[in-house]
Amino acid sequence: MKFFKALLAVVATLALIWSLETKFGDLPPIAVFLNPATGFWQNADSKHIIKKLDLKLKGLQRKVIIRYDENRIPHIFAQNDHDLYFAQGYVTVADRLWQMDIQTRSAAGRLAEIIGPKALQADEYHRRMGMVYGAENSLRAIMKDERMKVMINAYTAGINAYIRQLWKRDYPIEFKLLDYEPEDWKPINCVLLMKLMDETLAGHSDAAAMTNVLHKFGPNVTNDLFPDRTMHEEPIIPAGTKWDFKALPLPKPAADLIASMAAPVRHKAKVEGIGSNNWVIAGKKTVSGYPILANDPHLNLTFPSIWYQMQLSAPGINTYGVTIPGAPCVVIGYNNHISWGETNVDADVLDFYRIKFKDDSHNTYWYNNQWHKTIKRIEHIAVRGQAPVNDTVIYTHQGPVAYENAAKRPKAYNDIPVGSAVRWIAHDQTDDLLTFYLLNRANNYDDYRKALSYYTAPAQNFIFASADKDIAMTVNGRFPLKFKDQGKYILDGSDPANDWQGWVPAAQNPAAKNPARGYLSSANQSPTDASYPYYINWSFGPYERGKRINERLAAMQNATVDSMRALQTDTYSISARDVLPTMIGYLDSGKLDKNQRQALAILTSWNKRFDANETGATIFNAWWLKFYGMIWNDEFDNSSLMLPSRDRTEQLLLKEPGSKWFDNIRTPLNETCADIVNHSFIASVNELVHAHGKPGKNWRWGYVKLTYINHLANLPGFGAENIIAGGTGSVINALVDQHGPSWRMVVQMGPKVQGYGIFPGGESGNPGSIYYDDMLKTWESGKLKPLLFLQSPAEKSERIKSTLTLTGN
Amino acid sequence: MLFILIFVLTLIAGFITPWWAAAIIAFIMAVYAGKKPAQAFWSGFGAVFMVWTILALVKSVPNDHVLAGRVAVLFHLPHWIFLLLITALIGGLVGGMSALSGFLVRRLLAK
């Protein structure tokens, strides 16, 4: 009896320990996560920082001094390039290990390894689009350059020096939640992060949805509703700029357009607000007499913060700015001589080619009037809790065939056309890090142009200012030499004329330097006027943000840093100015009820700003969306079709009020522009009343639109919710839902450069650190922080709070 | 006596060993110094409960409970104090069960 009691107790205890040590479903093993010795409590960083720390690290050649300021931004002082990038890797990973791990895993299609079968489709998608294939190609090219080889290997060594000395208790909390362990960093991870940028900023195609439009409506309607140039234009390179080069002849267009697809495709629209602003104003228009440069890249905002701020200093380099955690160099920033920044171009560098296979073995495909062999690449995908998956991807000379047929394609990716090969710039051998390596060290305009010539993708509008008082803009990337509209629709993969036929020479990329007007800017809009000889894409971001920036810069005299800061948070709506008077003009106020009349009164006196406390913004936004939907939703009645742009819709309203598109084909009546304006106003106000009560405080824009920042793994409690802020996709402060300015920077050039900047979040990636979101409030309030740019490690500053000294051994 | 032994040893071990070391300590100490089933259980429970509370607070207090607050939201708990309570209860339960097992084994050996 005693024996059984003892046995029972021991077995029960062991069972208890086992159950607390085991992962059930999505929950982490309970005791592993909760126990205070190695569990999450260990991630609670003390608010008291260690003022002075000396560490010996194997692999370092000389002493490195890292000074941390009040936001824990590291200022690294090394004595050679190797040690500089070693230290960059070391300090970055110390703050951002999990973010670096999960992002490279995602890019490499290795999420299922830690998350299990439910991540398998995402992994297969990344492999099938050729992300890993492209990263392997690029790494080979990068490692041929001695400077890049030293940099990437040192950066990798620095990261691993940190990872290898970690105890289990030190692992970032997300590893404990997901129950896995960090692994060694590899050089290819740096490249995978660049490919992830390609995916975000140059990994979209409307070709499938455009092909559906062409199939349904025919070429005349398609050309009319989806023109290559918009009604409103404000090109990045000032209109009328002369091209001082002899352009290459353009390739001949292919004979036929493909007008149907093998399987239906759902259209995934681009998000308005994933875009960015940058501008520079010349010295003749500033108080200081030197140029001021500004940049705010807009992205899907997440915690840990997208960017990591730092200063990098070594012989031949002293630069400050934001870096991508997991990639060496400063991406947007300044040094003592120049400053630079980027916005996205959205060049058409991803095309789909319809492939005709001989049979279901997919061994051969038809090209140039004969059968050619495909190449098969096998992707090994490890899956947690399951046998690994071997996924075979077919490659033609164009690139990978994303999904051979509809059966292979999961629902989550039904925006990808099947039976089509992908030709994507991300597959090419690219060496974009060399551009940043050189920009970090650039002294003048010539250095800047030289650095840019190595850049491939994602194409960016590189803004520039120098202490020599030069200002410049280059619409920069490696642009395929294309015939007009090549890739606007799905291309016939059997016709060699549809292949990319070479490249636009880098020196002929659209560019402007020191224009007479005294400023340059970009906001993702059309890069040039119609005179530019090459085809980059048929549609770009809308013109409104660029228009507003240019109007303000044109009006500015004696500009200061604060004028730039104010402009970055400007919420004036050019779109409202363009269309609201016409829309209100059509309204028949006699037919409105009390709430609708009140809404109209608010709208009439609205200052056209999307500020947090404006109710007019809420009404206009709802009205426009309803108006837009009422025009297009009847004819464009399924999700496979591309919808006409805002600009084309404005053109209907302003210039073609008799257009047949106003008629709702679902009613026997013949609706006119005036009818749709009135119906949409009444319907949208009624919906607002239904959702928020009578017109009043509850209608304020900042409270109606949602603004929030999620944790990368969407963990509740780890993000920032209910941010009350102004802005919307089509105004300069393009902040809406989870999209917005991921970094705001203003740099005053001069004999002594002074930068200002802020990002939503903080330097630490640890949700248990006070430096996780310590800059969020400043960002929310639209303020900037003066950036600390030290000229030597010994320079005195009250803002330096601690020093880390690294030595080799 | 048993309480103090488990408390001191678990506290020391807590900085260097995996969490289940507490179970081994409670078990062995109860083999050595267990007197009655209830005494063994509550000594193990109380000692590990307290050690885990202390260790958690040592990290969480200088953090102003920022992390505990976030994790509480993640697990839909109204306040981080519940998280601390659950942590301590789990530790206590493991300590108590292990000590009870230790005592029952001691009784077998003593025969």
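FYI, it's all coordinate maths here, none of it is from the lab. No experiment lies behind these values; they were computed from the predicted model shown. Here Cβ is always computed from backbone atoms with ideal geometry, including for glycine, and neighbour counts include all displayed protein chains.
Spacing of the modelled spin labels on A:THR200 and A:MET231, each 7 Å from Cα toward Cβ, amounts to 3.4 nm. Placing +1 on the Cβ of every Lys and Arg and -1 on the Cβ of every Asp and Glu, with no other charges, gives the range A:275-425 a dipole of roughly 220 debye about its Cα centre.
Remark: spin-label model distance B:ASP64-A:ALA601 equals 4.6 nm, labels positioned 7 Å along the Cα→Cβ axis. When the charge dipole of the range A:660-718 is built from unit charges on Cβ atoms (+1 for Lys and Arg, -1 for Asp and Glu) and taken about the Cα centre, the candidate among A:ASN670, A:HIS692, A:ILE682 whose Cα reaches farthest toward its positive end is A:HIS692. Annotation: extensible slack from A:ASN558 through A:HIS372 equals 60.5 nm (criterion: 0.36 nm per residue apart, minus Cα-Cα distance).
Taking every Cα-Cα distance in chain B and sorting them into 5 Å bins starting at zero, the pair-distance distribution P(r) comes out as 2, 15, 22, 19, 15, 11, 8, 5, 2, 1, 0 percent. Using the alpha-carbon positions of the range A:1-76, Rg (one decimal) and Dmax (whole number) come out as 22.9, 70 Å. Taken as entire DSSP H runs, the helices of chain A that both span 27 Å or more between Cα atoms along their own long axis and average 1.0 or more on the Kyte-Doolittle scale are A:2-21. Among the trypsin sites (Lys or Arg not before Pro) in the range B:1-88, those placed in a DSSP loop whose Cβ has at most 14 other Cβ atoms within 10 Å are B:LYS35. Of the chymotrypsin sites (Phe, Trp or Tyr not before Pro) found in the range A:1-77, the ones in coil according to DSSP and having at most 15 other Cβ atoms within 10 Å of their Cβ are A:PHE24. Taking amide H positions as modeled 1.01 Å from N, with prolines and chain starts lacking one, the residues under 5 Å from A:HIS739 and 5 or more places away or on another chain are A:LEU301.
Near the amide H of A:GLY419, within less than 5 Å, lie the amide hydrogens of A:TYR403, A:GLU404, A:ASN405, all on another chain or at least 5 residues away, with H placed in the peptide plane. For the residue pairs A:LYS482/A:LYS660; A:LYS149/A:LYS785; A:LYS144/A:LYS186; A:LYS47/A:LYS168; A:LYS376/A:LYS484, the C-alpha atoms sit more than 25 angstrom apart in A:LYS482/A:LYS660; A:LYS149/A:LYS785; A:LYS376/A:LYS484. With all pairs of different C-alpha atoms in the average, the Kirkwood value for the hydrodynamic radius of the range A:691-746 is 12.7 Å. Within the range A:425-488, list the chymotrypsin sites (Phe, Trp or Tyr not before Pro) lying in a DSSP loop whose Cβ has at most 15 other Cβ atoms in a 10 Å radius. Loop-located and lightly packed - A:PHE483.
Each residue in A:GLU136, A:GLU544 was given a count of other beta-carbon atoms within 10 angstrom of its own, and listing them fewest first yields A:GLU136, A:GLU544.
Each of A:MET749, A:MET131 was scored by other Cβ atoms within 10 Å of its Cβ. Listed from fewest to most, they are A:MET131, A:MET749. Summarising the strand pairing of the range A:690-809, around 90 percent of its internal DSSP beta bridges are antiparallel.
Basic side chains Lys and Arg get +1 at the Cβ, acidic Asp and Glu get -1 at the Cβ, and with that the dipole of the range A:667-734 about its Cα centre reaches some 320 debye. Here is what passes the span test in chain B: the DSSP H helices with alpha carbon length of 15 Å or more along the helix axis and a Kyte-Doolittle mean of -0.5 or above are B:2-13, B:21-33, B:37-60, B:80-110. A:LYS655 sits among other residues whose Cβ lies under 12 Å from its own Cβ, and their net charge, with Lys and Arg +1 and Asp and Glu -1, is -3. Full extension of the chain segment joining A:VAL287 with A:SER453 gains 56.5 nm, where the gain is 0.36 nm per residue of separation less the Cα-Cα distance.
Per DSSP H run of n ≥ 4, the term is -39500 (n - 2.57); total these for chain A, divide by its residue number, and report the mean residue ellipticity at 222 nm rounded to 500 deg cm²/dmol. After summing the helix terms and dividing by residue count, I get -10000 deg cm²/dmol.
Strictly over 18 Å apart at the Cα level, which of A:LYS608/A:LYS694; A:LYS373/A:LYS411; A:LYS5/B:LYS36; A:LYS58/A:LYS796; A:LYS242/A:LYS469; A:LYS469/A:LYS547 would you flag in this model? Table pairs above 18 Å Cα-Cα are A:LYS608/A:LYS694; A:LYS373/A:LYS411; A:LYS58/A:LYS796; A:LYS242/A:LYS469; A:LYS469/A:LYS547.
With a Förster radius of 45 Å applied to the C-beta separation of A:ARG164 and A:LYS484, the computed FRET efficiency comes to 0.25. The value obtained for the range A:276-355, namely the Cα convex hull volume divided by the number of residues, is 179 Å³ per residue. Taking a sphere under 14 Å around the Cβ of A:PHE436 and counting the other residues whose Cβ falls inside, with K and R at +1 and D and E at -1, yields a net charge of -3. Compactness of the protein assembly as shown was expressed as the Cα radius of gyration divided by 2.2 N^0.38 Å, which yields 1.05. Report the calculated FRET efficiency for A:ALA530 and A:PHE24 (r = Cβ-Cβ distance, R0 = 51 Å), to the nearest 0.05. Computed FRET efficiency for A:ALA530 and A:PHE24: 0.25. Give, as a single signed number, the net charge of other residues whose beta carbon lies under 13 Å from the beta carbon of A:VAL677, with Lys and Arg counted +1 and Asp and Glu -1. Cβ neighbours under 13 Å give a net charge of -2.
Given R0 = 60 Å, the distance between the Cβ atoms of A:THR805 and A:THR364 translates into a calculated FRET efficiency of 0.45.
Compute the label zone of A:SER589 within the range A:600-643: residues whose backbone N is under 20 Å from the point 7 Å along Cα-to-Cβ. So the set is A:600-608, A:615-621, A:623-624.
Would you list, by chain and number, the lysines whose Cα falls below 19 Å from the Cα of A:LYS488, excluding same-chain residues fewer than 8 positions away? Cα-Cα hits under 19 Å: A:LYS216, A:LYS252, A:LYS268, A:LYS270. If only the Cβ of Lys and Arg carry +1 and only the Cβ of Asp and Glu carry -1, the dipole of chain A around its Cα centre is close to 1440 debye.
Cβ-to-Cβ counts within 10 Å put A:TRP623, A:TRP503 in ascending order as A:TRP503, A:TRP623, the fewest first.
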